[in-house]
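As structure tokens, the structure follows; a few thoughts come after it.
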Amino acid sequence: MADTVCRLNGSLIQHGPCNDRVYVMKLGPGDPRDVIGSLMSLIQEHRYSKVVVKAPSRSRMPFLEADFIEEARIPRFFPEPDDCLFLSKFFSRTRMDEENFPAFEQIIGRCLSLPKEPADDPLPSPYSIRACSSADAGNLARFYAGVFSSYPFPIHNPAHIRTMMQHDTRFYAVIYDQELAAAASAEMDPPTGTVEMTDFATSPGHRGRGLARRLLSVMEKASREEEMRVAYTIARAGSPAVNAVFARSGYRFGGRLVNNTHIGGSLESMNVWYKALG
């Protein structure tokens, strides 16, 4: 079961047992202290073990005073300009403990040393890349369901994908012999001029061929044409290949969200990467 997306004190949140957390995706315009109070009531009611808030830097003090910590940051995310902070609070020792910390640090170290290389060379025949439409929603949903045993959002549901497409999310796919070989989405937010590069998936038989990096390059070009200023992603910390895609494409490491997201069958830490598109 996917977690619920709803409004709380004017903020857009996701919460539920799948990720065992509350995620404030867009902080509302009201007093952050009121939001914090509502979050604590929701967490107490459901006994969640983590809350993470995406917030402008200017709103940070009430959260820090309530014992939130900064896990990651994206500079100049907001057009004021202001940084976006990922502010988190844990409610269990187990949720805070990161058993794979040395491995995650090693992955980041390797990725940061990789050369920055544009992915503008053509795909080998018979691969091709194209933008998707609502008519592709069923195929995309089946594709994602076959790649991920669990996912933080219901992208196995065609209706959800169609709704995303209606709200400034562009899906792209790599096609091989009329079948999906890889897919991803660019989730645009025109008010802030930011775009989340997300939902990357490659069929096992097509991995290791640079498909994700080429998808990312196409999505960046389309996002620039839509006047997006900043691109970012929240990538699985334990995946060397996924993190390398963004590092090689010129993204900067913004921090790690510890034990944050239920994906691929388990709760995983996630790395934040960002890039200025302007």
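The values are calculated or read from the model by the stated rules, or taken from the named source; none is laboratory data. In this text the structure is predicted, and so the values were computed from the model without any measurement. Cβ: placed from backbone, ideal geometry, glycine included. Neighbour counts: every protein chain shown. In case anyone asks, the SASA skips ligands and DNA or RNA and just uses the protein heavy atoms, side chains included. Shrake-Rupley method; radii C 1.70, N 1.55, O 1.52, S 1.80 Å.
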Using a/c under 1.5 as the rounded threshold, could you call region 196-278 rounded, prolate or oblate? The axes a ≥ b ≥ c are square roots of the C-alpha gyration tensor eigenvalues, and prolate needs a/b larger than b/c, oblate otherwise.
-> oblate
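In whole percent, how big is the carbon plus sulfur part of the accessible area of region 1-136, probe 1.4 Å, protein atoms only? Please list the in-between numbers first.
On the way: 3920 of 7530 Å².
On region 1-136, the fraction of accessible area on carbon and sulfur atoms equals 52 percent.
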Over the chain, with neighbouring protein chains present, the accessible area per residue in Å² at probe 1.4 Å is 48
Which of Ala237, Ala55, Ala141 moves the most in a Gaussian network model of the chain with Cα springs under 10 Å?
-> Ala141
In a Gaussian network model over the chain where Cα atoms closer than 10 Å are linked, find which of Ser38, Ser88, Ser150 has the largest mean-square fluctuation.
-> Ser38
Reduced to Cα centres, the span from region 148-185 to region 82-141 in Å works out to 15
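List the trypsin sites (Lys or Arg not before Pro) within region 186-278 that DSSP assigns to loop and that have no more than 13 neighbouring Cβ atoms inside 10 Å.
Arg207
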Which entries in Lys50/Lys116; Lys26/Lys221; Lys89/Lys221; Lys50/Lys221 show an alpha-carbon gap greater than 31 Å?
-> Lys50/Lys116; Lys89/Lys221; Lys50/Lys221
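What is the sum of charges, Lys and Arg at +1 and Asp and Glu at -1, for the other residues whose Cβ falls under 9 Å from the Cβ of Lys50?
+2
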Leaving out ligands, DNA and RNA, what percent of the accessible area of region 156-278 is carbon and sulfur, probe 1.4 Å?
-> 46
Ratio of Rg to Rh over the chain (Cα coordinates, Kirkwood Rh, two decimals) | 0.95
